[in-house]
Each structure stands twice: as structure tokens, then as C-alpha cells.
Amino acid sequence: MPLNIAMDGPVGAGKSTIADAVARELGILHLDTGAMYRAVGLTCLERGVDLQDEEAVTALCAEIDMTVTYQDGGQRTWVDGVDVTGGLRTEAVSMAASAVGRYLGVRRIMVALQQKLAASTDMLMDGRDIGFRVLPNATVKIYLTASAEERARRRYLQLQEKGGADTYEQVLEDLRQRDYQDMNREVDPLRAADDAVVVDSTGSTFEETVARIIALVEEKSK
Ligand code: DC
């Protein structure tokens, strides 16, 4: 059985960067499943598919060919042979990803693809439904969280670095809206798996959180 690590948590908990660092230290791949939902959301925006039209979004998702590759240790996400990685991190795409992630048909397609990717490869996967849906038999399950204010503060600083014009209050409001949407959707809302270890990173440094997770993995995979 490959070493599979599941990491879930709300937006802005630092999952992606922490998952990257943990996977690098363990020498395994990191699959950012959010990038896959983002790629579906972006493709809907680009092709003029109404995000509220479940049937049309699901049909598009079934029709596209999505693949993931790794380059210089980083994930590249492809749709129909085009590398879409560069366009995935805007606020519009964040909201679109959250919207398409509500649909059962979309989730089934994404989950099947993710399970296929992890079946034969040591992998750390991060997302919202990994511990209880995608990898129910994962060796280690982590639910990474932090207070909404701390998460908004980190996200605000990140956006500012990129020259974003949003205020802290706007970022906090967007984050609360996405939290609500992700935690209250009908299909597989975000939650910690029953056997997940909850890691709250409020007040911890990046290095402390990474070290804590590595220690958990070492303990569980003994
Ligand atoms: O982790 P992220 O912010 O890049 O994820 C973007 C959106 O995709 C998020 O609002 C919820 C959705 N998502 C999901 O529903 N299930 C996953 N496994 C990963 C992401």
C-alpha cells in the first residue's frame, strides 16, 4: 500500500504551502485538489458556462480532459492539453471553484481522478473531503485550521504581495462566505474525518506546524 496522507481544512489555513513543505521533506508528491476544482471553475468562466447551471457545469466537467503533472517539484494542472496553472489563483476563480464544488456530478469525477492518482503513488493530498471521501484509508489524516481572523490576515498579506487592492475587511468577508459555502453545501461539506488529528496553526509559525505534522506522520506510519 502506498503512503497516503490526507490533509483537509478551510480556506487560508495554509494547507497548500504546509502540504508542499511536508511532502518535500518526506520525498513524496503533493496533490493540491483545490487546483482541480479551480481548473473546472476557470474553464466554466472562460467558456461562458453559467456557474448556477448544475447540468451544464457537470457536462463540461465530464467532457474536459484534466491531467496533473509535476515540474521542478511543483504541480501543473492541465485542461484539454493546456497548462492552466497560471490562471487559477484569482478571487473570481476562487469563488467559481467553490461554486462548482457544490455539484455531486463534479465531485464524483474529481474524486475518481484523485483516487486513481493516489492508488499506486506515495502522496499527500490536500482538500476538503480527502479524509472522509477520497482517501478513507489514508495512513494519516490531518485537519488543519486556524481562526478566521488569522486566516484572513495571512491571505490579505499574500494578496498584497501580488499587488491586490482588497482591504482586510473584504478578504475576511470573502473568506467567511467561502467557509459558509464549503461547510454548508449538501454534498460532502468540509469537515474533519472522525479519525483525523486536528492541527490548529493559530499562533504557530510555519516551521512549527510543519514539524508537528512530520512528527504525526512518523508516529502513525511506524
Ligand atoms: O483549496 P482551494 O482554496 O484552492 O480550493 C478551492 C475551492 O475548491 C474551495 O472553495 C472548495 C473546493 N474544493 C473542494 O470542494 N474539495 C476539495 N477537495 C478541494 C477544493
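Structure above, values below:
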{"quantity": "The lone exception for residue 199 - which of (1) of a type outside the set (D, E, K, R); (2) at pLDDT below 95; (3) in contact with a strand residue (DSSP E or B) (Cβ under 8 Å, 6 or more places away or on another chain) it fails", "calculated": "(2)"}
{"quantity": "Members of the stretch 93-124 that are open to solvent by 60 Å² or more (accessible area, probe 1.4 Å) and not in a helix (DSSP H, G or I)", "calculated": "102, 119, 120, 122"}
{"quantity": "Selected residue (only one of 121, 43 is in contact (Cβ under 8 Å) with a residue 12 or more places away in the chain and under 30 Å from residue 163 (Cα atoms))", "calculated": "43"}
{"quantity": "Flag if residue 135 is closer than 22 Å to residue 97 by Cα and open to solvent by less than 70 Å² (accessible area, probe 1.4 Å)", "calculated": "yes"}
{"quantity": "Matching residues, the stretch 198-222, being surrounded by fewer than 17 Cβ atoms within 10 Å (Cβ to Cβ) and either β-branched (Val, Ile, Thr) or outside any helix (DSSP H, G or I) (or both)", "calculated": "198, 200, 202, 203, 204, 205, 214, 221, 222"}
{"quantity": "Tally of residues being in a loop (DSSP other than H, G, I, E, B) and either under 25 Å from residue 105 (Cβ atoms) or not aliphatic (A, V, I, L, M) (or both) across the stretch 163-191", "calculated": "11"}
{"quantity": "Residues satisfying the stated conditions in the stretch 53-64, i.e. within 19 Å of residue 186 (Cα to Cα) and away from the ligand (no atom under 16 Å from the Cβ)", "calculated": "53, 55, 56"}
{"quantity": "Test result for residue 41, within 10 Å of the ligand (Cβ to nearest atom), assigned to a helix (DSSP H, G or I) and either open to solvent by 20 Å² or more (accessible area, probe 1.4 Å) or within 17 Å of residue 86 (Cα to Cα) (or both)", "calculated": "yes"}
{"quantity": "Among residues of the stretch 109-121, those that are away from the ligand (no atom under 14 Å from the Cβ) and in contact with a strand residue (DSSP E or B) (Cβ under 7 Å, 6 or more places away or on another chain), counted", "calculated": "1"}
{"quantity": "Residue satisfying all of: in the stretch 165-176; surrounded by fewer than 18 Cβ atoms within 10 Å (Cβ to Cβ) and without any contact (Cβ under 8 Å) to a residue 40 or more places away in the chain; nearest to residue 11 (Cα to Cα) among these", "calculated": "176"}
{"quantity": "Residues of the stretch 161-217 classified as acidic (Asp, Glu), in contact with a helix residue (DSSP H, G or I) (Cβ under 8 Å, 6 or more places away or on another chain) and away from the ligand (no atom under 16 Å from the Cβ), total", "calculated": "2"}
{"quantity": "Some residue of the stretch 67-77 being farther than 24 Å from residue 21 by Cβ and in a helix (DSSP H, G or I)", "calculated": "no"}
{"quantity": "Only one of 12, 81 that is within 13 Å of the ligand (Cβ to nearest atom) and open to solvent by 10 Å² or more (accessible area, probe 1.4 Å)", "calculated": "12"}
{"quantity": "Hey, residue 140 within 24 Å of residue 210 (Cα to Cα), away from the ligand (no atom under 16 Å from the Cβ) and open to solvent by less than 20 Å² (accessible area, probe 1.4 Å) or not", "calculated": "yes"}
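The values are calculated or read from the model by the stated rules, or taken from the named source; none is laboratory data. Predicted model, so just to flag it, every value in this text is computed and none were measured. Neighbour counts are summed over all protein chains in view; Cβ atoms, including those assigned to glycine, are modelled from backbone coordinates with ideal geometry. The accessibility values were calculated without ligands, DNA or RNA, using every heavy atom of the protein model including side chains. Shrake-Rupley method; radii C 1.70, N 1.55, O 1.52, S 1.80 Å.
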